[in-house]
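What follows is a single structure, written as structure tokens, with notes after it.
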Amino acid sequence: MAAKPKDYTVIPLSTNPSQPREQKRSQVARARDSLEQPFDEEFWNKHFLSTPRAFRMTARSQASISRNMKTAFARGQIKFSESVKVQDVFAKGGLSWALAMDEVRTDRLVMEYKEQTLQVLIRDWPQKEEYKGKPELIASLEHQIDRFTEIILDKDKNGTDSQPPEEHYKFFRVDEDDDQRRPTILHLAAERNFAHVAKTIVDHYPGLLYMPTEEYDDCRELLPVEVALIEFNDETAAYLIGHMRHEWVHDLFLCKGGDEKARFSFGEYIRHPHMKRTVVAVLDRLISPHWPYLPRKKDRYNSDQEERGIDMAWSSVPDDPMNYHFFYHLLDSDECGRVPKINGKINKNFTVKAKSNLHYLADSNNKEAIQHPVVRMLVMTKWRRFAHWWFGLQASFYLFFLFVMSFALIYGSSRPDPLKYDGKADGMRAFCEIATVILVMVYFYAECLQADKEGLYRYFRDPYNYFDWLGLTLTFLVIPLRFANTKVQWTVASIGFLFNFLRVFKFSCVTRTTGLYTKTLAKIVYRDMTRFMAVFVVIFLGFCGSLYISLSAMNSQALFSGFPSVMLVGIRALVEQNPVDEDYSKFKWLSVLIILVYMAMVVVILLNILIAQLSYTYAEAKKMAKLQYDIDRVLIVTKLEHSRFARFNLRMKYYQEGDWIGEVKLAKELLEYSEDSSRWESIEEKLSLIR
């Protein structure tokens with residue numbers, strides 16, 4: 001396990017006695033005013049005209065200066081003499097004009113603010129009035145601050161020709177009088193959501209990732225990543241998490257020891273609409289590559305030589321590990337970060353009714369997270385261990401329900417009096433009717449439980465649930481209508497029969513073939529058919545009204561029994577591609593013209609456009625169906641494993657903290673050797689797709 005933040009020794013800086021708070025505030029005010037101070041003649045003469053080494057500007061160096069600089073020369077705004085050393089700033093090492101100007105500005109800032117330069121840049125500069133409420137300006141400002149930070153940290157770590165490395169910012173903290181938390185520069189960047197600045201800081205001083213703030217009053221110590229998580233700064237939090245050790249990230253979202261709850265709820269960030277990168281970064285930290293021939297890293301080492309030797313061994317590590325360790329504990333934990341089992345024993349503090357983080361992922365719109373290898377491997381493991389068997393059992397029971405319902409209704413509709421039962425066939429019908437009523441009541445109860453567990457909003461987002469209630473309700477209404485001895489019972493029964501059979505599609509995920517096919521068809525119906533029908537309805541209603549009115553003008557309305565008959569003819573022209581009438585001599589010229597225009601628009605234009613759309617959508621929907629199939633399988637698993645009772649809770653019974661997975665197994669499971677890949681494709685080519 002990872003060491004606690006306190007296990008790291010923080011070397012305090014020797015600072016001068018604290019200045020009065022009023023003096024520090026005036027210093028901050030001066031900082032905000034002087035950060036964008038122009039390069040005037042006084043500045044250049046003061047800092048760059050009195051240098052010890054003489055230099056005569058060459059024609060090449062003059063050509064490298066921008067047009068604006070030449071204009072400044074002509075106007076006399078910048079003066080040079082033979083002793084000027086500005087060339088060392090502009091042309092040394094082939095620096096560009098922009099980088100040279102950044103060097104000059106950072107030199108001026110360091111001379112004025114000393115060791116507090118980065119504090120002023122990262123914390124105080126964005127607080128200026130002109131940047132408040134203007135995120136587009138903050139983005140450009142961050143880019144400039146990042147350039148300044150890189151220059152300052154590079155000099156601080158590597159030194160210059162005239163100054164040795166100081167590594168001052170390696171342990172820098174804000175003064176206690178200014179901020180009682182005493183954050184580091186990485187804390188300041190995380191609080192501002194300056195991801196690029198944070199990257200620059202981590203590149204120079206990676207140890208700042210694990211340096212917390214100081215504890216005061218009721219405020220605990222905070223790591224830089226915790227500051228980013230508290231502020232919901234997605235980009236910065238994702239970057240910091242991606243560069244931390246796996247154990248440290250796990251400890252952020254899981255209970256440790258006797259803690260009642262974790263420091264952060266992973267489910268909260270899954271549900272947050274603007275924290276998708278952070279969620280994916282956390283999932284990445286649930287995969288730990290394993291090289292069995294390398295020594296294990298430690299939190300503490302016996303000597304510097306041991307630490308150096310292990311670091312050198314890991315520095316030569318190959319890009320492709322032999323095995324991976326997948327952690328599943330975070331995805332199966334409850335909202336407080338408690339796992340179902342600890343060391344194989346049931347965790348008494350675990351909340352059985354709580355939804356898992358896997359459940360929240362299934363309900364989110366984060367497609368990248370749903371298709372993450374950790375999520376897919378966990379779902380596949382659960383699918384094979386228990387979900388597929390239970391889901392198949394549910395599908396079998398439903399097929400039995402359809403069988404008894406079909407026999408009861410179809411055979412009953414053929415009897416002159418369905419209330420009379422004579423013979424063995426009617427006895428079988430009576431048994432099927434009783435079984436149908438019992439199963440309808442069972443499914444009513446199951447749907448109510450599902451709505452209570454998922455919540456009404458999420459429950460009614462699933463279109464299959466509407467089919468469930470319509471089919472069950474209409475089937476149940478047949479009972480009172482039959483005793484009322486009315487023919488309406490067969491109308492209700494026929495509609496209910498149709499909806500109950502449509503419910504079969506909710507079990508299509510029992511196999512991958514049927515699951516992908518039904519998802520593809522659903523995409524076609526949802527996308528193309530709705531758009532086509534919207535256009536067709538406009539043309540259809542216009543045609544029916546125009547034709548019926550034209551018949552009235554020609555005194556030919558007797559050719560149809562009424563306006564509904566005209567509408568039926570228009571629909572048959574589309575579905576059956578039949579003409580409006582076999583003999584057009586009955587119609588006048590206007591009616592014939594309207595009929596021909598309608599047939600041309602519907603049969604020739606609209607139907608051909610629909611066929612072309614269906615071909616394109618099928619190819620596109622076939623690819624998206626794999627994602628939807630994965631989502632549906634996650635939903636099925638989370639529904640099956642969630643139970644109010646610990647004894648029947650499959651999530652607790654089949655809990656698995658993690659698993660070792662090799663590359664070959666990972667390729668087989670994730671790629672599933674789909675039809676998109678060639679059968680002659682080697683295993684190495686398949687592995688390259690998932691690396």
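The values are calculated or read from the model by the stated rules, or taken from the named source; none is laboratory data. Keep in mind it's a predicted model, so treat the numbers as computed, not measured. Every residue, glycine among them, receives a Cβ derived from its backbone with ideal geometry; neighbour counts consider all protein chains shown.
Values for this structure:
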item	result
Members of the stretch 396-426 that are at pLDDT 90 or above and not aromatic (Phe, Trp, Tyr)	SER396, LEU399, LEU402, VAL404, MET405, SER406, ALA408, LEU409, ILE410
Matching residues in the stretch 132-156 - criterion: being of a type outside the set (Lys, Arg) and over 20 Å from GLU235 (Cα atoms)	PHE148, ILE151, ILE152, LEU153, ASP154, ASP156
Unique residue being touching a residue at least 12 places away in the same chain (Cβ under 8 Å) and acidic (Asp, Glu) when the list is ASP452, ASP468	ASP468
Residue match in the stretch 514-534 (condition: in a loop (DSSP other than H, G, I, E, B) and closer than 30 Å to VAL634 by Cβ)	no
Breaking point among (1) assigned to a helix (DSSP H, G or I); (2) under 34 Å from the mean Cα position of the chain (by Cα), for VAL440	(2)
Residue that is surrounded by the most Cβ atoms within 10 Å (Cβ to Cβ) [pool: residues in the stretch 157-171 that are free of Cβ contacts under 8 Å to residues at least 40 places away in the same chain and either in contact with a Leu (Cβ under 6 Å, 6 or more places away or on another chain) or in a helix (DSSP H, G or I) (or both)]	LYS170
Qualifying helices (runs of 4 or more DSSP H) (wholly inside the stretch 592-691; at least 2 residues being loosely packed, with under 15 Cβ neighbours inside 10 Å, on the phi < 0 side of the Ramachandran plot and at pLDDT 80 or above)	607-641
The stretch 443-463 - residue that is surrounded by fewer than 12 Cβ atoms within 10 Å (Cβ to Cβ) and of a type in the set (Phe, Trp, Tyr) and, of those, nearest to the chain's Cα centre (by Cα)	TYR457
Residues of the stretch 177-209 classified as assigned to a helix (DSSP H, G or I), out of contact with any Leu (no Cβ under 7 Å at 6 or more places or on another chain) and of a type outside the set (Val, Ile, Thr), total	11
Selection count, the stretch 127-153, where residues are under 16 Å from LEU186 (Cβ atoms) and either free of Cβ contacts under 8 Å to residues at least 40 places away in the same chain or surrounded by fewer than 18 Cβ atoms within 10 Å (Cβ to Cβ) (or both)	0
When residues of the stretch 236-252 are limited to those that are outside any helix (DSSP H, G or I) and without any contact (Cβ under 8 Å) to a residue 60 or more places away in the chain, the one surrounded by the fewest Cβ atoms within 10 Å (Cβ to Cβ)	HIS243
Single residue of VAL504, VAL510, VAL492 found to be closer than 30 Å to LEU399 by Cα, modelled with pLDDT of 90 or more, surrounded by 14 or more Cβ atoms within 10 Å (Cβ to Cβ) and among the aliphatic types (A, V, I, L, M)	VAL492
Qualifying residue in the stretch 136-146 (condition: at pLDDT 75 or above and not in a helix (DSSP H, G or I))	no
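Residues are listed down the side, and each one gets a yes or a no for (1) closer than 25 Å to PRO135 by Cβ; (2) out of contact with any helix residue (DSSP H, G or I) (no Cβ under 9 Å at 6 or more places or on another chain); (3) of a type outside the set (S, T, N, Q):
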| residue | (1), (2), (3) |
| --- | --- |
| ASP154 | no, no, yes |
| THR160 | no, yes, no |
| ARG181 | no, no, yes |
| ILE185 | yes, no, yes |
| ALA198 | yes, no, yes |
| TYR205 | no, no, yes |
| GLU215 | no, yes, yes |
